[in-house]
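Heads up, the thing below is written out as structure tokens.
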Amino acid sequence: MAYQVTERDDGYIGVMDAVGYFAESADWSPAERWGCKQAVGLVLDIGCGAGRHAIPLQQAGCEVVGLDTSGGAIEVARDRGVRAIQGSISDIPATVGVFSTILLGGNNLGLLDDPDRAKGILNRLAEIVTPQARLIGSGIDPYATDNPTHRAYHAWNRSRGRPAGLIRMRVRDGALATDWFDYSCHALDELAEIVSGTRWILRSVHQDGGSYCVRLDLR
């Protein structure tokens with residue numbers, strides 16, 4: 001058994017069973033299943049991990065390129081039959097290709113970072129897609145919680161001049177830890193504001209409690 005342990009900069013520790021990174025589509029949320037059905041053509045799966053979304057998409061007839069910052073994740077994805085390369089949402093290799101679909105599954109809309117940077121990232125993604133491209137992304141509404149610790153974190157962020165849903169975190173394994181990084185959770189109205197003024201339009205949404213999946217189309 002293996003677990004993902006995340007540490008937030010207020011000291012909050014979260015633990016998740018790592019088996020979720022290998023979950024088959026039958027075990028995904030309805031929003032994620034809806035989102036992946038929107039994918040067409042050549043797909044760039046950003047934050048592909050072990051290939052949880054890439055493999056079913058390939059089985060459905062899509063050609064997929066996986067992208068991840070983790071060399072270990074890339075190795076596992078390749079072993080499972082995914083064409084995967086190392087890189088990040090803000091550092092996509094120039095030779096990677098031109099895509100019909102950008103996928104930010106597994107709540108990877110959080111990789112867009114804070115609202116100011118997110119607009120620039122979305123516009124850069126628009127430069128590596130076809131004219132009829134779509135972007136599929138899933139995310140979490142940070143305010144859909146009654147947990148007082150999370151609500152206090154939102155207030156602490158605001159007091160520091162940061163967006164309430166912008167999480168400063170790192171991932172741990174025993175004494176090992178990644179560098180600190182920002183991961184952003186947006187309510188749907190916040191996401192709509194980010195998309196406004198970019199080269200994308202918000203076409204449709206599938207909500208599932210506090211989580212959701214969206215389809216953006218290129219303008």
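If you find the alpha carbon centre of the range 163-212 and of the range 79-155, how far apart are they in angstrom?
If you average the Cα positions of each part, the centres end up 8 Å apart.
Please identify, among A54, A155, A118, the residue showing maximal mean-square fluctuation in a Gaussian network model of the chain using a 10 angstrom Cα cutoff.
Residue with maximal mean-square fluctuation among A54, A155, A118: A155.
Choose one of M16, V129, G209: the residue whose Cα lies farthest towards the positive end of the charge dipole of the chain (beta-carbon charges +1 Lys, Arg; -1 Asp, Glu; about the Cα centre).
Of M16, V129, G209, it is V129.
The range 165-206: Rg/Rh from Cα coordinates, Kirkwood Rh?
Details: Rg = 15.3 Å, Rh = 12.8 Å.
Answer for the range 165-206: 1.20.
Restrict the search to the range 1-96; then list the chymotrypsin sites (Phe, Trp or Tyr not before Pro) that DSSP places in a loop and that have at most 15 other Cβ atoms within 10 Å of their Cβ. If you can, show how the numbers build up before the last one.
Details: sites: Y3, Y12, Y21, F22, W28, W34; in loops: Y12, W28.
Sparse-neighbourhood loop chymotrypsin sites (Phe, Trp or Tyr not before Pro): Y12.
What number do you get for the range 25-150 when its Cα radius of gyration is normalised by 2.2 N^0.38 Å, N = residues?
Values: Rg = 14.6 Å, N = 126, 2.2 N^0.38 = 13.8 Å.
Relative to the 2.2 N^0.38 Å estimate, the range 25-150 comes out at 1.05.
Rounded to a whole number, what is D in µm²/s for the chain from Stokes-Einstein with the Kirkwood radius over alpha-carbon pairs (37 °C, 0.692 mPa s)?
Details: Rh = 17.8 Å.
Once the numbers are plugged in, D ends up at 185 µm²/s.
Wrap a convex hull around the Cα atoms of the range 109-195, take a quarter of its surface area, and give that in square nanometres. Provide the component values of the computation, followed by the final result.
On the way: hull surface 29.7 nm².
Directional mean of the projected Cα hull area for the range 109-195 stands at 7.4 nm².
Give, as a single signed number, the net charge of other residues whose beta carbon lies under 10 Å from the beta carbon of R168, with Lys and Arg counted +1 and Asp and Glu -1. Display every interim value, and only then the final one.
Values: positive: R8, R160, R162, R170; negative: E7, D9, D10, D182.
With Lys, Arg at +1 and Asp, Glu at -1, the net is 0.
If I stretch the segment between I201 and N123 completely, what's the gain in nm (0.36 nm per residue apart, minus their alpha carbon distance), one decimal? If you can, show how the numbers build up before the last one.
Values: separation 78, 0.36 × 78 = 28.08 nm, distance 1.15 nm.
Here the segment from I201 to N123 would lengthen by 26.9 nm.
With Cβ to Cβ distances under 10 Å as the rule, what net charge do the other residues near A84 carry (K, R +1; D, E -1)? Spell out each step's value before the answer.
Working: positive: R78, R80, R83; negative: D45, D68, E75, D79.
Taking every other residue near A84 into account, the sum is -1.
How large is the Rg to Rh ratio of the range 29-82 when both quantities use alpha carbon positions and Rh follows Kirkwood?
Numbers: Rg = 10.7 Å, Rh = 11.2 Å.
Checking Rg against Rh, the ratio lands at 0.96.
Only four residue types carry charge here, +1 at the Cβ of Lys and Arg and -1 at the Cβ of Asp and Glu. Report the dipole size of the range 114-219 about the Cα centre in Debye, rounded to the nearest 20. Present the calculation step by step, with values, prior to reporting the outcome.
Details: 15 positive and 13 negative charges, 48 e Å.
Dipole about the Cα centre, nearest 20: 220 debye.
Could you tell me the relative contact order of the range 120-217? Use alpha-carbon pairs under 8 Å, at least six residues apart, and round to a whole percent.
Numbers: 122 pairs, mean separation 36.8, N = 98.
So the answer I get is 38 percent.
Roughly to the nearest percent, how much of the accessible area of the chain is carbon and sulfur, given a 1.4 Å probe? Let's see the in-between values first.
Working: 5450 of 10790 Å².
Percent of accessible area from carbon and sulfur atoms in the chain: 50.
So, in nm, how far is label S70 from label R151 when the simple model puts each one 7 Å beyond its Cα toward the Cβ?
Label-label distance for S70 and R151, simple model: 3.3 nm.
Quick one: length gained pulling V15 to D173 fully straight, 0.36 nm per residue minus the C-alpha distance? Intermediate values should be presented prior to the final figure.
Working: separation 158, 0.36 × 158 = 56.88 nm, distance 1.08 nm.
Computed gain between V15 and D173 is 55.8 nm.
Given a cut-off of under 8 Å on Cα pairs at least six residues apart, what relative contact order in percent is computed for the range 92-141? Don't skip to the answer; put the middle values down first.
Working: 49 pairs, mean separation 30.0, N = 50.
Dividing the mean separation by the residue count of the range 92-141 yields 60 percent.
The values are calculated or read from the model by the stated rules, or taken from the named source; none is laboratory data. Computed from a predicted structure; not experimentally measured. Here the Cβ is made from the backbone with ideal geometry for all residues, glycine too, and neighbour counts use every protein chain on show. Note: accessible area is taken over every heavy atom of the protein model, side chains too, but ligands, DNA and RNA are not part of it. Shrake-Rupley method; radii C 1.70, N 1.55, O 1.52, S 1.80 Å.
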